[in-house]
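Below is one structure, written out as C-alpha cells; the observations come after it.
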Amino acid sequence: MPRRIILDQYGLNYLTMTTIGWIDIFTRPVYKEILINSLKYCQQEKGLIIYAYVIMSNHIYLIASVKNGNRQPLGEVIRDFKKFTAQTIWQAIQTGPESRKMWLEHVLKFYGQNFTAYQHYQIWIHGSHPTLLFTDKVIWQKINYIHENPVRQGIVEHPSDYLYSSARNYLQLPMCPLKVTRIDPVLF
C-alpha cells in the first residue's frame, strides 16, 4: 500500500503515528515524557502548532500544523520528531530499568533489519497517515475522537482523567503536560 502524503504542508492535519508492529512501548511514563518533551521542542523551535493530541500505548494522534512561512513544512517536522524520539527511546531502553529490554531489543531489531535500510532497529511505522481537515464539523469529530480514545480503551472513565491528552487543556484543567492551541467549538 502506498504511503499517504501530507497534501497541505501548512494546513490543519490529523496525524496518526504508530509504533512498528503496534508494540506497546508507551506504557512507561519515561517514554511518554520523551514524546512530550520532543513535542514541546518542536513547538518552540520548529513552529509546530498542536491543537489536540493523545499518547496511547502504541500510537499518537495529533491535530497539528506549522506556522505559515515556517522554514520546515509539517512533514519534515514530523519526520524529525519521529527520528529523534526513536533514537532517544532506543537509548532509554538500552540504559534504563526496562523489564522488557531483551524482548524490545529483539523485536525492534527484527523490524529494523527487515524493513529499514539504514537502521539497526525501528520504532515507528513510516508515514503519519495524514488527513487534511477543512470543515468545523470534521475538525470537532477528530478532536472528540482523540479525546475519547483512552475512554474507548478502558483506561479512564472520562477523557479529562487521562493525563497524556489535550482533553484537560480544552477543559482548562491543571496538570496539562503539553500546551495546545485550543480550537473554539462551533455549533453544527
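Here are a few things to note about the model shown:
- Looking only at region 161-172, residues that are within 17 Å of PRO29 (Cα to Cα) and either aliphatic (A, V, I, L, M) or in a helix (DSSP H, G or I) (or both) come to 2 in all.
- Residue tally, condition free of Cβ contacts under 8 Å to residues at least 40 places away in the same chain and assigned to a helix (DSSP H, G or I), over region 1-32: 2
- Residue count for region 92-125, restricted to those that are assigned to a loop (DSSP other than H, G, I, E, B), of a type outside the set (D, E, K, R) and surrounded by 12 or more Cβ atoms within 10 Å (Cβ to Cβ): 7
- Residue match in region 63-75 (condition: part of a helix (DSSP H, G or I) and either basic (Lys, Arg) or in contact (Cβ under 8 Å) with a residue 12 or more places away in the chain (or both)): yes
- The conditions of being surrounded by fewer than 20 Cβ atoms within 10 Å (Cβ to Cβ) and either within 20 Å of ILE60 (Cβ to Cβ) or of a type outside the set (Phe, Trp, Tyr) (or both) are not met by HIS147.
- Conditions (1) assigned to a loop (DSSP other than H, G, I, E, B); (2) closer than 24 Å to ILE63 by Cβ; (3) among the hydroxyl-bearing types (Ser, Thr, Tyr): number failed by THR88: (1)
- Taken together, the residues in region 76-101 that are hydroxyl-bearing (Ser, Thr, Tyr) and either in contact (Cβ under 8 Å) with a residue 24 or more places away in the chain or closer than 21 Å to LYS142 by Cβ (or both) amount to 2.
- Taking the listed residues VAL107, VAL138, the one that is more than 20 Å from ARG4 (Cβ to Cβ) and either touching a His at 6+ places or on another chain (Cβ under 9 Å) or modelled with pLDDT of 90 or more (or both) is VAL107, with no other qualifying.
- Sole residue being of a type in the set (Gly, Ala, Ser) and more than 17 Å from the chain's Cα centre (by Cα), chosen from GLY75, GLY96: GLY96
- Residues (in a helix (DSSP H, G or I), without any contact (Cβ under 8 Å) to a residue 60 or more places away in the chain and closer than 20 Å to LEU178 by Cα) located in region 126-160: TRP140, ASN144, GLU148, VAL151, PRO159, SER160
The values are calculated or read from the model by the stated rules, or taken from the named source; none is laboratory data. Predicted model only: the values in this text are computed from it and were never measured. Cβ coordinates were reconstructed from backbone atoms using ideal geometry, including for glycine residues, and neighbour counts include every protein chain displayed.
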